[in-house]
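Visitor: One structure is given below, represented as structure tokens, and several questions about it will come after.
The values are calculated or read from the model by the stated rules, or taken from the named source; none is laboratory data. Only a predicted model underlies this, so the values are computations on that prediction, with no experimental measurement involved. A quick note on method: Cβ atoms are made from the backbone with ideal geometry, for glycine too, and the neighbour counts reach across all protein chains shown.
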């Protein structure tokens with residue numbers, strides 16, 4: 001009877017959930033997966049959770065058992081005080097080392113797969129992170145007639161990053177000012193953008209749609225407004241957008257500046273803020 005009542009309660013609760021909420025429950029609250037690299041990180045997270053539940057459950061069970069089994073009664077004398085126990089001390093040392101070593105092994109294994117670079121990507125992007133927005137440079141795109149085109153935003157108007165579903169993209173990350181971090185939660189991936197150091201990665205978007213991106217490194221007072229949208233579309237829609245950038249005369253490679261106004265190779269006489 002109690003089981004039936006509980007089942008009915010769960011059914012009523014789930015019936016009241018929206019489709020989006022139900023989907024979040026199925027994903028255990030994790031972001032939706034939108035690239036070919038997400039399964040690696042997803043499996044790592046789930047594995048870490050399972051390990052945490054097992055270790056936590058064992059620890060709490062042991063605490064409960066000891067509390068009951070060895071609880072002091074009013075008739076008990078003070079037990080013998082043990083200052084050192086070699087086997088227990090060895091267990092306390094070896095067990096955590098084994099746990100950390102196992103987690104380290106699987107972390108490195110998944111990290112190597114996530115950071116594996118594609119030799120000949122379908123698209124090449126140069127991403128510039130500047131206070132406090134993003135510039136996306138599309139390199140030699142066929143939809144732009146082989147030209148380099150760009151799109152940039154401000155803290156008041158976030159830019160869009162256009163990608164093609166099921167086509168590989170190589171990202172090169174640059175910053176002209178401070179450390180930022182490129183993060184798209186649905187890609188299960190973020191990578192720091194460091195001045196003087198070029199970081200890069202590759203992935204293949206696997207799900208069409210619009211996803212939120214943001215800076216994940218505190219970079220100044222407008223850090224929270226350093227947002228962008230990722231639009232994963234068909235090849236036809238992507239080529240059309242590239243042509244629109246050409247029509248807007250957004251041709252060149254924008255490396256970023258205070259205000260995002262410096263175009264590399266076209267900026268003779270600038271005030272030195274670019275590059």
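Visitor: (1) in contact with a helix residue (DSSP H, G or I) (Cβ under 9 Å, 6 or more places away or on another chain); (2) under 17 Å from residue 118 (Cα atoms): which one isn't true of residue 180, the others all being true?
Guide: (2)
Visitor: Output the residues belonging to the range 66-100 that are surrounded by 10 or more Cβ atoms within 10 Å (Cβ to Cβ) and over 42 Å from the mean Cα position of the chain (by Cα).
Guide: 85
Visitor: Additional query: Among the residues that make up the range 56-65, is at least one of them touching a strand residue (DSSP E or B) at 6+ places or on another chain (Cβ under 9 Å) and outside any strand (DSSP E or B)?
Guide: Of all residues in the range 56-65, those touching a strand residue (DSSP E or B) at 6+ places or on another chain (Cβ under 9 Å) come to none.
No, the range 56-65 contains no residue that is touching a strand residue (DSSP E or B) at 6+ places or on another chain (Cβ under 9 Å) and outside any strand (DSSP E or B).
Visitor: How many residues are in contact with a strand residue (DSSP E or B) (Cβ under 7 Å, 6 or more places away or on another chain) and either part of a loop (DSSP other than H, G, I, E, B) or over 15 Å from residue 241 (Cα atoms) (or both) when one looks only at the range 134-154?
Guide: Within the range 134-154, residues that are in contact with a strand residue (DSSP E or B) (Cβ under 7 Å, 6 or more places away or on another chain) and either part of a loop (DSSP other than H, G, I, E, B) or over 15 Å from residue 241 (Cα atoms) (or both) number 5.
Visitor: A further question follows. If you take the residues of the range 185-199 that are free of Cβ contacts under 8 Å to residues at least 60 places away in the same chain and assigned to a strand (DSSP E or B), which of them is nearest to residue 232 (Cα to Cα)?
Guide: Taking the range 185-199 and keeping what is free of Cβ contacts under 8 Å to residues at least 60 places away in the same chain, we get 190-192, 194-199.
Now narrow it down to the ones that are assigned to a strand (DSSP E or B): 190-192, 194, 197, 199.
On the way: 190: 18, 191: 20, 192: 22, 194: 26, 197: 28, 199: 22 Å.
This residue is 190.
Visitor: Restricted to the range 200-236, and to residues that are surrounded by fewer than 17 Cβ atoms within 10 Å (Cβ to Cβ) and free of Cβ contacts under 8 Å to residues at least 60 places away in the same chain, which residue is nearest to the chain's Cα centre (by Cα)?
Guide: Looking at residues that are surrounded by fewer than 17 Cβ atoms within 10 Å (Cβ to Cβ) and free of Cβ contacts under 8 Å to residues at least 60 places away in the same chain, I get 212.
Visitor: Report the residue count in the range 155-175 for those that are outside any strand (DSSP E or B) and either outside the structural domain of residue 245 (by TED's automatic domain parsing) or buried (at least 21 other Cβ atoms within 10 Å of the Cβ) (or both).
Guide: Summing the residues that are outside any strand (DSSP E or B) and either outside the structural domain of residue 245 (by TED's automatic domain parsing) or buried (at least 21 other Cβ atoms within 10 Å of the Cβ) (or both) in the range 155-175 gives 1.
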